[in-house]
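Following: one structure in structure tokens, then a few remarks.
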Amino acid sequence: MPQKRLNPYIVHSIFILAAVSCLFPVVLLIMASLTSSDSLIVDGYSLFPKNIDFEAYQYLWNQGTTIFSAFGISTLITVVGTIAGVIISALIAYPLSRQDMPFRKIIAFLVFFSMLFNGGLVSAYLVYTEIFHIKNTLLALLLPNLLTNGFLIFLIRTFFTTSVPIPVIESAYIDGAGEGLIFRKIVLPLSLPIMATSAITVAIVYWNDWNNGLIYLTDPQLFGIQNLLNRMLSDAQFFQSNSLGGQNVALTSNVPLESVRLAMGVVGMLPLIIAYPFFQKYLIGGLTIGAVKG
């Protein structure tokens, strides 16, 4: 008996509404960042502001040297962390995908266990500061996220198990290839979608991370863009809410805090918005294959 199919117009309408619901907050954020603080207080957020004002972006532009330095640090950490994170995850996932690997289930359980439980903030702080000595170094922005990606390991392992043909690997064995050569020349080229999916996932985590900088960094010279924006906003709020007098109060008393906060959000997400279209097809392909066959 043939199944009834939904009218294409209904399906398209549903997806258009879903797309609009995703885009609406982003567009509202951008438009609100271009609205004066006084107008935001009086009229609230609007897609069509009465008064377009670039004062918030002018304030951020005046901090250009510091912001560009923080952008450089965030970019460096994101690139290095993404490459290292994907390589480490793939190197762990490949043996776990092989049925003949000794203790495979035990190692898989340990990786899974690390996804559910951890030692907590205090023990992590003591380990990273007393043993690895990462406090006030760039490693503070790199290492904590590098060692906590069990989800990606299972995602990549599932792809290896379901999408890399075993006969191809066995043929390579017969031709004399070792595990390293098989991994580099056969497994990785066939796994480009999941590698790209993992890369953009890790990159988003590194770019948006501000918690590690908040915990392990006190030197502003090492701040990434998220920590810098958070510090700038906190400083402006502090000087506006405290009548301490002096030059700093004079410099920040006229800062449009509300629109600056929104402009910081736009600046923080701008690189990801630019980069996302280049990885979109790989992201969708990798997640779809993993979901169907996993």
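The values are calculated or read from the model by the stated rules, or taken from the named source; none is laboratory data. This structure is a prediction, so every number in the text was calculated from the model and none was measured. Neighbour counts run over all protein chains shown; Cβ positions are idealised from the backbone, glycine included. Ligands, DNA and RNA are stripped out before the accessible areas are found, and what is left, the full protein with its side chains, is counted by its heavy atoms. Shrake-Rupley method; radii C 1.70, N 1.55, O 1.52, S 1.80 Å.
Structure notes:
- Amide H contacts for T35 (H built 1.01 Å from N in the peptide plane; partners 5 or more residues away or on another chain; cut-off under 5 Å): D53.
- Cα centre as origin, Lys/Arg/Asp/Glu Cβ charges: the chain dipole, Debye: 1000 debye
- Taken over the range 105-161, the ratio of Cα radius of gyration to 2.2 N^0.38 Å equals 1.34.
- Taking all protein chains as they are arranged and a probe of 1.4 Å, the heavy atoms of F71 leave approximately 40 Å² accessible to solvent.
- Simple rule: put +1 on each Lys or Arg Cβ and -1 on each Asp or Glu Cβ in the chain, find the dipole, and look at L188, G213, L141; the Cα lying farthest toward the positive end is L188.
- The chain: radius of gyration over Cα atoms, expressed as a fraction of 2.2 N^0.38 Å: 1.27
- Three-way shape label, the range 36-166, alpha-carbon gyration tensor, a/c 1.5: prolate
- Peptides 36-48, 153-165 ordered by average Cβ neighbours within 10 Å, highest first: 153-165, 36-48
- Using R0 = 30 Å, the C-beta based FRET efficiency linking V42 and A19 works out to 0.45.
- Here the range 17-148 has 73 percent of its accessible surface on carbon and sulfur atoms, given a 1.4 Å probe and all protein chains in place.
- Cβ crowding within 10 Å averaged over residues, with 100-110, 218-228 ranked highest first: 218-228, 100-110
- Among G72, G119, G268, the largest mean-square fluctuation in a Gaussian network model of the chain, built with springs joining Cα atoms closer than 10 Å, belongs to G119.
- Helix 150-163 vs. the chain, principal-axis angle (Cα, 0 to 90°, nearest 10): 40 degrees
- Formal net charge of residues neighbouring S46 (Cβ-Cβ distance under 14 Å; K, R +1; D, E -1): -3
- Sorting 18-27, 82-91, 57-66 by their mean Cβ neighbour count within 10 Å, with the most densely packed peptide first, gives 82-91, 57-66, 18-27.
- The chain: relative contact order as a whole-number percent, Cα under 8 Å and 6+ apart: 29 percent
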